[in-house]
Amino acid sequence: MNPFAPPESGPIPGSEYIRTLHAYLKSSLPRLAPTPPRAASPSSFLSQSYTLLTLGLDPSSAPLSPALKVPLTLGFGTPSPSPSTLVSRSTPAPRRPQLLRLAPDKLLYLLLRWQSLPQGLAHVGGTDEPIDPGVSVAARPGGVGKQASVGGDAQSIRSWVPSMRSVSTSVRSGWWGREEVSEEKLLLELYAMFTVIPGVLIHPPYIDDRPIAELVDAGGYTQLGGIDVRVPLDVFRNLQILELDYDPRALRVPTCNLRELHVRSVPDGDDWILPLLCAGSGTPRFPHLVHLSLTDVALLSLPSLPLPNLRSLDLSANLLDAVPPSLAELDTLKSLNLSGNVVASVRGAPRALGNVAALNLSRNRLDVLVGLERVLGLTRLDLRYNRIRDVGELGRLADHPVLAELWADGNDTPDYRVELGAAFAQARHGRIDVVLDGRPFGWQETRQIEALLDARGVRRTPTTTPAATLAAPASGQSTAPSSLSRADNPHIDRLATPGSHPHASQSIASPAPDRKRRKRRVVNLDGTVGALSDEGGDALDANFGAAARQAGGSLQVPRRTRRERVSASMFEQ
């Protein structure tokens, strides 16, 4: 087979597609549907004895428990780990599943084949609901797509299904000969694998993809025109991650335990966002949704969404001109991305972003930041590539209590690092405990900030750090509000407490350490050695010299057995 040969063109037979998909899923199922991690169960006495007898050479033998590993080392082994260490090792973090990429026409073909099986499989869904007019389902890339008709092709596509129930194909098995494997068995195995796959990506048909021959022969199906029926996703019973590059109005997404939803590059987002997320009368379709991404969907506003567990929201590359007030209803929201919009005002941010800890407002039209200083939960803020011309607008963020990371590059504010660092140092009593543009302030910048504060006559006496603040890193506490946990933002403990970061937290002025005063030692007339401080040393030297002169002008200093300091006045005549 020539690897440089051009790819085959023309429709692909349905039986060939089923064999190819079955082989791919059978080999990739551990990555598509990884098994959840389980705690290691204690091994029995028989399994441990078998491992010892076979010296662990049998791959099916159970691993030795930590209680046996150390005694077998005759004292040269490592000590047994603590119970907490055993628990952390026995329960590894779950792996993110690989997404299964499917085009809607391929999925429709499989659904129709499953409907034709005599077993009467459940959770297949109906395939006779037409798409509403105006929904684009054309293949990509393709500049001009054909408008899909309403209800024109549903019956013609399904007309060939009953005649294919007895179709079989041959599959090579083993080294000798060929074994006849019925296509019905392959379809049943495909159905079983689809029901356990947790992550799916639905993309539009591509021009260079080979369509299913049976769909083309049924009449009415072309890649440019697409299919005109809504494709159900009921077969994915374990669906947890769903990514859509395809219009949601051309699909039927069931109510499920979805945790992540991504929709990209689908126009008219204001028309389909509520039907997608609400099952009717305000009931959430995905009550366990944690992350929602609606990027480049031409959103003009954000309606009230019934998402009680949402923690991360991505609304980048849309047409929002302000912070949506409906965000106030998302009590659990911690991370918000509004980059690439047309936001020009953030005055309503304090009310809408009560619990948000990470906010991305880059590539907007902001020139005034009034309101952001009152979003008290912010620890990370991105303001790059806006229209800010006054460093004072950035300086109003210096009074923020827990802001730890700030990005401000790309604005028309030259030399803003020193000015902004001086503002934070003045507001935070001489400390610069904020990371600017991803890097802390250097030594030269710190000296410039000191000179700028001295020129302004700002007193740089640092305040005394309370004992509770000093004890916070040791006890695992954080200076951030109680609504923000360490899991939501791992930079809190590292940046919020002054002095916890090895580079970011620098003191502008620190008191000089007290030098220990050395005591002066003198020799008395009776030969004893005394010790006085520096304050009383001069007076003692004068008295000692006068006593020596009264004794006849001669003075014998006894031999010292240890090193002592003798005053010069002892030898005065």
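Derived from the Cα gyration tensor, the three semi-axes of the equivalent ellipsoid of the stretch 352-450 are 20, 16, 11 Å, largest first. Of the peptides 284-293, 397-406, the ranking by mean beta-carbon count within 10 Å, highest at the top, reads 397-406, 284-293.
Taking every alpha-carbon pair in the stretch 305-389 and binning the separations at 10 Å intervals from zero gives 19, 57, 22, 1 percent. Taking N as the number of residues in the stretch 183-260, what value does Rg over Cα atoms divided by 2.2 N^0.38 Å take? That ratio works out to 1.23.
For the stretch 264-421, what number results from the quotient of the Cα radius of gyration and 2.2 N^0.38 Å?
That works out to 1.07 for the stretch 264-421.
Think of the stretch 297-427 as having a plus end and a minus end, set by charges on the Cβ of Lys, Arg, Asp and Glu; of Ser301, Ala423, Ala349, Ser301 sits farthest toward the positive end of this dipole.
Mind checking the alpha-carbon convex hull of the stretch 216-308 and giving the volume per residue in Å³? Spell out each step's value before the answer.
On the way: hull volume 10.5 nm³, N = 93.
Roughly 113 Å³ of hull volume per residue.
The Cα center of the stretch 262-302 and the Cα center of the stretch 350-422 differ in position by 28 Å. What is the diffusion coefficient of the stretch 98-137 in µm²/s, taking the Kirkwood radius over Cα pairs and the Stokes-Einstein relation at 37 °C with a viscosity of 0.692 mPa s? Diffusion coefficient, whole number: 271 µm²/s. Each peptide in 451-458, 122-129 receives the mean, over its residues, of other Cβ atoms within 10 Å, and ordering these scores from highest gives 122-129, 451-458. A probe of 1.4 angstrom, applied to the heavy atoms of all protein chains, finds Glu260 with accessible area near 40 square angstrom. Given +1 at the Cβ of Lys and Arg, -1 at the Cβ of Asp and Glu and no other charges, the dipole of the stretch 196-281 around its Cα centre is 340 debye to the nearest 20.
Ordering Asp234, Asp105 by accessible area with a probe of 1.4 Å, largest first, what comes out?
Details: Asp234 45, Asp105 5 Å².
So the residues, ranked largest to smallest area, are Asp234, Asp105.
The values are calculated or read from the model by the stated rules, or taken from the named source; none is laboratory data. Because the structure is a prediction, the values reported are computed rather than measured. Ideal geometry is used to build each Cβ from the backbone, glycine not excepted, and the neighbour counts take in all protein chains shown. Only protein heavy atoms, including side chains, enter the accessible area calculation; ligands, DNA and RNA are left aside. Shrake-Rupley method; radii C 1.70, N 1.55, O 1.52, S 1.80 Å.
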